[in-house]
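Below is one structure, written out as structure tokens; comments come after it.
The values are calculated or read from the model by the stated rules, or taken from the named source; none is laboratory data. Bear in mind the structure is a predicted one, so any value in this text is a computation, not a measurement. FYI the Cβ positions are ideal-geometry reconstructions off the backbone, even for glycines, and counts take in every protein chain you see. Calculation scope for accessible area: heavy atoms of the full protein, side chains included, ligands and nucleic acids excluded. Shrake-Rupley method; radii C 1.70, N 1.55, O 1.52, S 1.80 Å.
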Amino acid sequence: MRIFNFSAGPAALPTAVLEQVQAELLDWHGTGMGIMEMSHRGKDFTQVAQEAEADLRSLMGIPSNYKVLFLQGGATQQFSQIPMNLLDGRSADYIVTGSWSKKAYKEAQRIGAVRLAGSTEASNFTRLPGADELSFDPAAAYLHVCTNETIHGVEMFDLDGLPADVPLVADMSSHILSRPMDVSRYGLIYAGAQKNIGPAGLVIVIVREDLLGKAMPITPGVMDYAVMAANDSMLNTPPTFGIYLAGLIFKHLLALGGLDAVEARNRAKAELLYSTIDQSGGFYRNPVAVECRSLMNVPFTLADAALDADFLAACQDARLSGLKGHKSVGGMRASIYNAMGIEGVQALVALMQDFARRKG
Ligand SMILES: *Cc1c(COP(=O)(O)O)cnc(C)c1O
């Protein structure tokens, strides 16, 4: 029996999709071999990769002047790859709203000139910056944001107040495909797969074509978006299994009704969990400002941290796993990505209420 897996990443995948993978593992579509065993240049895998891209384009409504790249190296490699490709001898702006955007900003400093456009670190990353806390360079090559801070549970729901004429670069690793996004508002979107897409080892980059072709001369070919785009992400061997599995996830989400339907499910889950926290009379607390509480990652603390170990033990007994908070913030964190059903959140909420009754 599978548990309810609240891990922040690598995270739960839909059981039905994993069962399909299991059924196809040794013999994909009568070819007598598994996907992992076939050439990435053969017609079978080429079709798998093309369908994955087409399904992602349809799910997210990606305009035709954007390239979709299936890369490796995780989101962390993008922290360097983005400035290498986009700085173009200029400077870039970074908004720091949590651990991940802070890391992206730090890595970019090794590559070239970058500038802090605003930070909420002094507020412990529990809110987004107000307009009066942001200052933009109108000549910046791009503006980098992390639209969902996985560790702090802070999500950007609108882009109001961000400059319209500087290309926006967004780390969407932990909330891509959780709801519709207006891709045309971004110059580049990137996401590691292991939260909401598929297995670790795959990273997806969606980039507007006019931003390509400006990479620094030292940029390795496998890290140059223009080179990868010209080679359909197959300059070298791509992460074939990851692309295949991501493709099955895209089909699964399309069958659920697309991202509007996915968003409705995610909102119902998040509302149930946040209302349980808020109505616990202070037994549980989420520190994030209400308007930017993440639909995907819900950090919370117990009023008495001495009860943390008991709480986690009770979770384990109830087959709820992955709830220990990130070490930098402590407490708990429930990651409720697309693959977490409402039943899992209902089970968590029931346990939280029971625990609070017994220990409160
Ligand atoms: C997990 C995560 C990363 C890092 O991903 P890696 O694949 O480990 O490099 C970066 N940004 C965000 C928002 C994340 O959630």
*So what is the 222 nm mean residue ellipticity for the chain from helices alone, if each DSSP H run of at least 4 adds -39500 (n - 2.57) and you divide by all residues, rounding to the nearest 500 deg cm²/dmol?*
-11000 deg cm²/dmol
_Over the range 258-359, what is the relative contact order in percent, taking alpha-carbon pairs closer than 8 angstrom and at least six residues apart?_
31 percent
_Neighbourhood charge, 14 Å Cβ-Cβ cut-off, centred on residue 205 and excluding it, Lys, Arg +1 and Asp, Glu -1_ = -2
*Could you work out how far apart the two model spin labels at residue 132 and residue 164 are, taking each label as a point 7 Å from the Cα in the direction of the beta carbon, and quote it in nm?*
2.5 nm
*Across the range 260-267, in residue order, what do the Karplus-derived ³J(HN,Hα) couplings come to in whole Hz, using 6.51 cos²θ - 1.76 cosθ + 1.60 with θ = phi - 60° and x for Gly and Pro?*
5, 5, 4, 4, 4, 5, 5, 5
*Taking amide hydrogens as modeled 1.01 Å from N in the peptide plane, which residues meet the under 5 Å criterion relative to residue 146, leaving out close sequence neighbours?*
97, 171
*asked:* Please list, in order along the range 292-298, the HN-Hα scalar couplings obtained from phi with the Karplus expression 6.51 cos²θ - 1.76 cosθ + 1.60 (θ = phi - 60°), rounded to whole Hz, x for Gly and Pro.
replied: 10, 6, 5, 7, 10, 10, 10
*Just report the Cα centroid separation between the range 298-318 and the range 1-18, whole Å.*
20 Å
_Per-residue ³J(HN,Hα) for the range 209-216, Karplus 6.51 cos²θ - 1.76 cosθ + 1.60, θ = phi - 60°, Hz, x for Gly and Pro_ = 4, 5, 8, 7, x, 10, 5, 4
*Could you state how much accessible area residue 3 has, in square angstrom rounded to the nearest 10, with a 1.4 Å probe and all protein chains kept in place?*
80 Å²
*Near residue 33, within a Cβ-to-Cβ distance under 10 Å, what is the net charge of the other residues, with Lys and Arg +1 and Asp and Glu -1?*
-3
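Give me the dipole magnitude in Debye, nearest 20, for the range 41-84 about the Cα centre, with unit charges on the beta carbon: positive for Lys and Arg, negative for Asp and Glu.
Roughly 140 debye for the range 41-84.
Sort 139-146, 287-294 by the packing proxy (mean of other Cβ within 10 Å over each peptide's residues), most packed first.
Details: 139-146: 23.0, 287-294: 17.9.
Top to bottom by mean Cβ count within 10 Å: 139-146, 287-294.
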*Sequence-distant residues sharing a close amide H with residue 168 (under 5 Å, placed H)*: 143, 187, 188
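May I ask you to give the percent of accessible area on the chain that is carbon plus sulfur, with a probe radius of 1.4 Å? Walk me through the intermediate numbers first.
Working: 7930 of 15190 Å².
Ligands and nucleic acids excluded, carbon and sulfur give 52 percent.
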*How many times 2.2 N^0.38 Å is the alpha carbon radius of gyration of the chain?*
1.01
*Give the relative contact order (percent, whole number) for the range 6-95; include only Cα pairs under 8 Å separated by 6+ residues.*
9 percent
_My understanding is that a pair violates if its Cα-Cα distance is over 23 Å; which of 67/251; 67/106; 67/102 do that in this structure?_
67/106; 67/102
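Could you pull out the trypsin sites (Lys or Arg not before Pro) across the range 311-343 that fall in loop regions by DSSP (anything but H, G, I, E, B) with no more than 12 other Cβ atoms inside 10 Å?
Numbers: sites: 319, 324, 327, 333; in loops: 319, 327.
Hits after loop and neighbour filter: 327.
Test of understanding: what is the full-extension gain from residue 41 to residue 260, defined as 0.36 nm times their sequence separation minus their Cα-Cα distance? Kindly include the intermediate steps, with their values, before the conclusion.
Details: separation 219, 0.36 × 219 = 78.84 nm, distance 3.47 nm.
Full-extension gain reported as 75.4 nm.
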*Could you please report the charge total around residue 335, scoring K, R as +1 and D, E as -1 over all other residues with beta-carbon less than 14 angstrom from its beta-carbon?*
+3
*Solvent-accessible area per residue for the chain (1.4 angstrom probe, square angstrom)*: 42 Å²
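Give me the percent relative contact order of the chain, please, defined on Cα pairs under 8 angstrom at least 6 residues apart. Please report the intermediate quantities before stating the final value.
Working: 667 pairs, mean separation 82.1, N = 360.
About 23 percent, as a whole number.
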